[in-house]
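Notes for the one structure printed next.
The values are calculated or read from the model by the stated rules, or taken from the named source; none is laboratory data. Please read these numbers as outputs of a predicted model, since none were measured by experiment. Here the Cβ positions follow ideal geometry from the backbone for every residue, glycine too, while neighbour counts run over all protein chains shown.
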Amino acid sequence: MAFTPFTGTYSSGDLQYVINTLYSPKVEREYRAHLLAGDFFNDLSGMFAGGGGHLSIPDIFTSQFSANTKTTGSDVTEQSPAEAELTLTVDTWKEVSYVIEDRQLAQIMAGSDVLDAYASQAKYLIAKALDSSLMALYSGLSQTVNDTASDVNDADVRSAIESIVDGDVPMQRLAFFFHPTVSKLPPLTAMLIGKFCKLQGKLKKFICRQAMAIKKAVEASTTIIRTPLVGEGMV
């Protein structure tokens, strides 16, 4: 049986005013890098809650006290190291602004997460600007190992760890930051960093165990331990 094809059917153009256009309540969001730098720097923004453009921070680490030897009956060694000053100047302003008036706000489709997406994107861009500014301070550091134009090797990592130890830098919040151009670390270097990080965890556990052992020994002892005077150190 033969069928005669239809010739007068409606096209999509004919029905354009009755075919619905659907809008997803979910918004396609951008990729984001994992920002870390801000977690490793002191946040002093609370200091400016009452206003101000400059923050003066007393510096007592440039000139420090010295631990002097003392014998029974001898005089103490008086010290008065000169203080220095660090100045933080607020001279950068970053902002992300957008306005949606009440009429348009009321017309946005119920269930849409576009407002949350806008706020989240604005927050990320500000945070990224801060992160980038902090990392850019690297060029002003006086103690560096290697540079961003050269490959990282195990000798660089060892030298960096040595500098940290020599400077009495606390290890609890230590992190390695690698420039994207040197993100592919040699196996030996990656292994060295991994072992170092694991070592820090083991040392922390060991120190905690030792501290608990000392605490228990002191509690079980009848020896009277003199409380140090303010400013007096006991090792």
(message) With the requirement that a residue be free of Cβ contacts under 8 Å to residues at least 60 places away in the same chain and of a type in the set (D, E), what does segment 109-133 give you?
(response) D116
(message) Among (1) of a type in the set (S, T, N, Q); (2) surrounded by 11 or more Cβ atoms within 10 Å (Cβ to Cβ); (3) closer than 30 Å to G167 by Cα, there is one condition Q79 misses while meeting the rest; what is its number?
(response) (2)
(request) Among the residues of segment 48-61, count how many are in a loop (DSSP other than H, G, I, E, B) and either more than 22 Å from L174 (Cβ to Cβ) or at pLDDT 85 or above (or both). (result) 6
(request) Check T72 against each of (1) over 28 Å from the mean Cα position of the chain (by Cα); (2) modelled with pLDDT of 90 or more; (3) under 29 Å from V169 (Cα atoms) and name the one condition it does not meet. (result) (3)
(request) Look through Y31, Y17 and report the one residue that is in the same structural domain as S120 (by TED's automatic domain parsing) and within 30 Å of A110 (Cα to Cα). (result) Y31
(request) Could you tell me which numbered condition T62 fails, if it satisfies all but one of (1) polar (S, T, N, Q); (2) exposed (fewer than 10 other Cβ atoms within 10 Å of the Cβ); (3) in contact with a strand residue (DSSP E or B) (Cβ under 9 Å, 6 or more places away or on another chain)? (result) (2)
(message) Name the single residue that is modelled with the lowest pLDDT among those in segment 29-47 being part of a loop (DSSP other than H, G, I, E, B) and either aromatic (F, W, Y) or more than 15 Å from Y124 (Cβ to Cβ) (or both).
(response) Y31
(message) Return the pair list, or none, for Cβ contacts closer than 8 Å from residues in segment 36-52 that are on the phi > 0 side of the Ramachandran plot to residues that are surrounded by 10 or more Cβ atoms within 10 Å (Cβ to Cβ) and outside any helix (DSSP H, G or I), at least 6 apart or on different chains.
(response) G52/V90
(request) Kindly state which helices (runs of 4 or more DSSP H) lie completely within segment 79-175 and contain at least 2 residues that are in the same structural domain as R32 (by TED's automatic domain parsing). (result) 102-107, 114-136
(request) Would you tally the residues in segment 82-98 being more than 28 Å from A119 (Cβ to Cβ), among the charged types (D, E, K, R) and surrounded by 10 or more Cβ atoms within 10 Å (Cβ to Cβ)? (result) 1
(message) Being over 25 Å from D43 (Cα atoms) and not aromatic (F, W, Y): is that true of Q107 here?
(response) yes
